[in-house]
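Have a look at the structure below, then the notes.
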Amino acid sequence: MIGDLARRAAPSGRGRLLDLACGTGQLAFPLRDWFTDVWAVDAEPGMTEVVRAKADAVGAAHVRAVTARTEDLDAEPGSFELIVIGNAFHRLNRLQVAQRAYTWLKPGGCLALCWSTSPWAGPWDWQQALDRLLRSWQNTLGASGRVPPGWDRERQQDPDHQVLSRAGFDVAGRHEFSVEYHWTIPVGSRVTAGTYMHGSPRGGAARDRHRQRPRRHTDPPTPPGDAQERRDRCAPPCRTGVQTARVTWILPAEEHGC
């Protein structure tokens, strides 16, 4: 998705990127090499602290973390070649943000709304169980009110593309990229549970490395056949989920001719 977005937006390599409601910088960092200046903006100080730490860790001095509400951000007209919003447009004042983004873009610039599904979004029993668990922790931590109430009904009645059209944008396209992951969580493993966390794309590789590791003389002996068979029978089946990343809209300003 990142590569396709960069090809379609065609940044000059000398411009500036704006990642609104950036979170941990999941868009800002993979896109940073196409720009000489990156603004990663989020209203939550905890998120911008993460961005600063990541920028320091990878030596990305041109990634600037800005703590501000998108609706209050101070930016000059024509400042950015590309503006991205990842999984957050529904949390913002959509029309106000779209109108401000329109003025912030350079001629030929684009606005991309990027969305992705989560491992716990799906019909499988384990996905629904994980969703309930996450919701319970959100309620416990008081973090369940970050999305405005009724946001889904509002978007159905006034879809994003209509909001953006009123702000002056034309829809340039919608593109989806699906990836299927298979997760297997064995029982009785001596590897820490975190290695096999639901949704970890590294789980399979870590599991294979664990199985291939030479046995040391300090390791416990292999259980007898009947015990091993019982362990195998108790192992859960492979959990399968499909995650989708998509650029919902890439929207250039109508007069820009992009």
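The values are calculated or read from the model by the stated rules, or taken from the named source; none is laboratory data. Just so it is clear, the model here is predicted, and its values are computed rather than measured. No Cβ is skipped: glycine too gets one built from the backbone with ideal geometry, and neighbour counts run over all protein chains shown. Protein only, heavy atoms only, side chains kept; ligands, DNA and RNA dropped before computing areas. Shrake-Rupley method; radii C 1.70, N 1.55, O 1.52, S 1.80 Å.
General remarks:
- Summed over the range 111-127, the residues that are of a type in the set (F, W, Y) and at pLDDT 90 or above give a count of 1.
- L164 closer than 15 Å to V97 by Cβ, of a type outside the set (V, I, T), open to solvent by less than 70 Å² (accessible area, probe 1.4 Å) and in a helix (DSSP H, G or I): yes
- Matching helices (runs of 4 or more DSSP H) fully within the range 1-101 where at least 3 residues are in contact with a strand residue (DSSP E or B) (Cβ under 9 Å, 6 or more places away or on another chain), of a type outside the set (F, W, Y) and open to solvent by 50 Å² or more (accessible area, probe 1.4 Å): 45-58
- Candidates G15, G46: the one that is closer than 20 Å to R91 by Cβ and out of contact with any His (no Cβ under 8 Å at 6 or more places or on another chain) is G46.
- Of all residues in the range 102-127, those being under 20 Å from the mean Cα position of the chain (by Cα), open to solvent by 10 Å² or more (accessible area, probe 1.4 Å) and more than 19 Å from P30 (Cβ to Cβ) number 4.
- Selected residue (only one of L164, L141, L130, L134 is in contact with a Gly (Cβ under 9 Å, 6 or more places away or on another chain) and either at pLDDT 85 or above or not small (G, A, S) (or both)): L130
- In the range 76-105, residue nearest to P11 (Cα to Cα) [restricted to those that are of a type in the set (S, T, Y) and touching a residue at least 60 places away in the same chain (Cβ under 8 Å)]: S79
- Tabulated pairs, the range 114-142, first under 30 Å from L82 (Cα atoms), second of a type in the set (G, A, S) and surrounded by 14 or more Cβ atoms within 10 Å (Cβ to Cβ), C-beta under 6 angstrom, 6+ apart or interchain: C114/G86; S116/A245; P119/G199; P119/G241
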